[in-house]
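For reference, the structure is listed below as structure tokens.
The numbers here are math on the coordinates, done by the rules we state, and not lab data. None of these values were measured; they are calculated from a predicted model. Every residue, glycine among them, receives a Cβ derived from its backbone with ideal geometry; neighbour counts consider all protein chains shown.
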């Protein structure tokens with residue numbers, strides 16, 4: 001099951017059934033199934049608090065994921081800062097909706113096992129994001 005929740009922000013304008021089908025389809029391309037994935041949309045201050053308390057970082061980020069997956073069943077909480085999504089959309093010349101979709105699928109790709117710590121991993125992640133975005 002995929003759920004969508006908010007903390008201190010209004011729900012973004014997404015079609016939940018469409019996004020859920022896309023997320024499930026993308027997971028299937030990695031031979032994964034969706035267990036319980038919670039997308040939680042927050043503001044920057046909530047994200048900073050989560051970053052400080054759970055990750056030990058003292059800065060804003062567009063998303064933080066907590067992976068509870070077992071075997072090929074993906075489960076996790078994916079927090080997304082709508083404030084940072086908006087800032088990044090402006091920075092990268094994308095619309096808010098385009099950047100939000102990129103972050104939504106980025107969080108899922110992490111649950112699928114993709115990483116983005118090195119330059120090579122970031123390139124692979126971007127290719128995977130682009131491929132998934134074309135499928136939407």
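DSSP beta bridges confined to the chain are antiparallel in about 30 percent of cases. Panel order for 23, 9, 33, by other beta carbons found within 10 Å of each beta carbon, from fewest to most: 33, 9, 23. Taking other Cβ atoms within 10 Å as a rough exposure proxy, 92, 66 sort from fewest to most as 92, 66.
Using the rule -39500 (n - 2.57) for each DSSP H run of four or more residues, divided by the residues of the chain, the 222 nm mean residue ellipticity is -15000 deg cm²/dmol.
Legend: ranking of residues 114, 108 from fewest to most surrounding C-beta atoms inside 10 Å; resulting order 114, 108.
By DSSP, the beta bridges lying fully in segment 26-89 are antiparallel in about 45 percent of cases.
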